[in-house]
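Working notes, beginning with the structure itself.
Nothing in this text is a laboratory measurement; each read-out follows from the coordinates by a stated rule. Quantities reported herein were computed from a predicted structural model and do not represent experimental measurements. Methodologically, a virtual Cβ is constructed for each residue, glycine included, from the backbone with ideal geometry; neighbour enumeration extends over all protein chains shown.
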Amino acid sequence: MATATATHALSPAQVALAYHARTKHSLERYAAGPETLDWDTQPNPFREFAPCRRTPLQLTADQLGTGWARVYAPDGIVPTPLTIASVSTLMELSMGLSAWKEYGPDRWALRCNPSSGNLHPTEAYIFSCNVSGLDDGLHHYVSRDHALEQRCRTTKNTAASARLWIGLASVHWREAWKYGERAFRYCQLDIGHALGALRYAAAALGWTATMVDDVASAALAALMGLDRGDDFLDVEREDADVLIAIDPHPEKGSGKNDMPMLWEPRTGQWTGRANRLDPHPLYRWPAIDQVSLATHGGDVSSRSETLPYPPLRRTGEARAADIILGRRSAQRFDGKYTMSADSFYRLLDCLLARPIAPWDVWSFVPRLHPILFIHRVEGLEPGLYAGSSWT
């Protein structure tokens with residue numbers, strides 16, 4: 001990749017493509033990464049701000065009776081009222097912890113949203129407006145404690161309807177510590193995981209979740225407080241990625257592209273400073289900052305779908321909360337199970353981009369090509385399969 005000086009002569013697209021080429025593994029070499037890896041010095045997986053007013057959340061997902069199949073049925077779920085209890089459910093089923101694991105002296109958390117290497121670089125922020133039981137303003141979600149830290153408090157707007165937005169940001173160092181220059185790739189992958197998890201959780205509540213695609217990166221960073229230098233002094237910074245509008249009344253069509261202009265960030269009542277995640281970082285990877293800056297913003301290509309909705313299965317329906325909270329890593333694969341052809345093709349059917357969860361979280365044209373490692377599926381020879389005509 002070009003040096004920092006040379007990148008000024010490149011377009012953002014050229015910088016991104018150069019980063020992609022530079023960080024690909026090849027038969028001749030691995031992409032640049034750390035020369036050593038000591039798991040005892042892994043960065044803190046939990047960001048916190050102090051001092052901040054904390055709002056503990058109750059674990060409420062066990063009270064949600066929505067069946068899993070119904071998240072694929074538009075208008076099939078009565079919307080849950082937007083309160084602090086339902087916000088708690090949304091975060092528990094998307095960004096919350098699903099289990100703790102132990103091996104010898106080590107203990108680590110698993111979360112509802114998947115992550116590359118279980119490093120979880122994605123941080124979530126909540127913008128609340130007239131949500132019953134929750135102060136208006138900006139809150140940071142601490143998954144370890146299932147709690148909200150109020151970063152900015154605003155004056156209550158009694159004329160506005162109850163609304164919620166979720167901002168997502170990436171701590172690149174959480175991935176760079178292990179993966180070096182490739183870390184930006186994994187952070188973007190994990191943003192996709194978080195978007196999908198939020199969309200599924202919102203659907204289980206009868207809500208929509210839609211990316212706000214006309215907010216500039218600098219404006220989003222200001223709204224999330226990520227550009228506040230004193231609050232991130234000598235600690236790992238966060239990169240503002242996306243803003244998601246949560247609509248608890250989709251039948252009323254309250255709109256998806258309105259920004260949470262609830263306060264002027266420069267004059268808001270801010271509290272808290274970010275904690276340091278890694279006291280002894282060994283490396284710096286300038287290529288990550290370069291590609292991050294080059295990929296701020298971008299055009300969105302709209303799409304139109306004509307595919308029918310998947311058939312709604314009504315018998316033997318599992319609860320959505322049980323499916324989501326039961327997520328585990330690939331290390332939990334069953335070595336003896338054989339998948340039926342019906343189950344396999346239903347899985348493939350759900351990958352088709354329809355205007356339902358999770359694909360309607362944004363308006364990008366899908367550009368994904370699935371590669372399937374098939375083993376013990378009825379009617380199919382084991383092997384490597386490539387999906388075709390996926391868009």
Taking Cα atoms only, Rg over Rh for the chain with Rh from the Kirkwood formula is 0.95
Length gained, ARG144-GLN269, 0.36 nm per residue minus C-alpha separation, equals 42.5 nm
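Would you compute, from DSSP H runs of 4+ residues alone, the mean residue ellipticity of the chain at 222 nm, taking -39500 (n - 2.57) per run and dividing by the full residue count, rounded to the nearest 500?
Per the formula, -6000 deg cm²/dmol.
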Within the chain, excluding any trypsin sites (Lys or Arg not before Pro) found in a DSSP loop (not H, G, I, E or B) and having at most 12 other Cβ atoms within 10 Å, the longest uninterrupted segment runs 30-283
With the charge dipole of the stretch 33-333 built from beta-carbon charges (+1 for Lys and Arg, -1 for Asp and Glu) about the Cα centre, the Cα from LEU282, GLY206, VAL242 projecting farthest to the positive end belongs to GLY206
Going fewest to most other Cβ atoms within 10 Å around each Cβ, PHE333, PHE232 line up as PHE333, PHE232
Compactness check, the stretch 115-253: C-alpha Rg relative to the 2.2 N^0.38 Å globular estimate gives 1.08
Largest fluctuation, SER115, SER343, SER161 only, Gaussian network model of the chain with Cα springs under 10 angstrom, belongs to SER343
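Which value, in debye to the nearest 20, gives the size of the charge dipole of the stretch 33-333 about its Cα centre, when Lys and Arg are +1 and Asp and Glu are -1 at the Cβ?
720 debye
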The percentage of Cα-Cα pairs in the stretch 1-95 separated by more than 23 Å is 64 percent
Rounded to one decimal in nm, the spacing of the 7 Å Cα→Cβ label points at ASP230 and LEU293 is 2.5 nm
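What dipole magnitude, in Debye to the nearest 20, does the stretch 1-148 give about its Cα centre under +1 on Lys/Arg Cβ and -1 on Asp/Glu Cβ? Spell out each step's value before the answer.
Working: 11 positive and 14 negative charges, 55 e Å.
Result for the stretch 1-148 is approximately 260 debye, rounded to the nearest 20.
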With 0.36 nm assigned to each residue of separation and the Cα-Cα distance removed, TYR337 to ASP38 gains 104.1 nm
Applied in sequence order to the stretch 69-74, the curve 6.51 cos²θ - 1.76 cosθ + 1.60 (Karplus, θ = phi - 60°) yields integer Hz couplings, x standing for Gly and Pro, of 4, 6, 5, 9, 10, x
With x for Gly and Pro, the residue-by-residue ³J(HN,Hα) of the stretch 187-201, computed from phi through the Karplus equation 6.51 cos²θ - 1.76 cosθ + 1.60 at θ = phi - 60° and given in whole Hz, is 5, 5, 4, 6, 4, x, 4, 5, 4, x, 5, 5, 5, 5, 5
The extension gain from ARG346 to THR155, computed as 0.36 nm times the residue separation minus the Cα-Cα distance, is 63.9 nm
Expected sort for THR83, THR154 with the fewest Cβ neighbours (10 Å cutoff) up front is THR83, THR154
Along the stretch 46-51, Karplus-curve 3J(HN,Hα) (6.51, -1.76, 1.60; θ = phi - 60°) to the nearest Hz, with x for Gly and Pro, reads 10, 7, 9, 10, 9, x
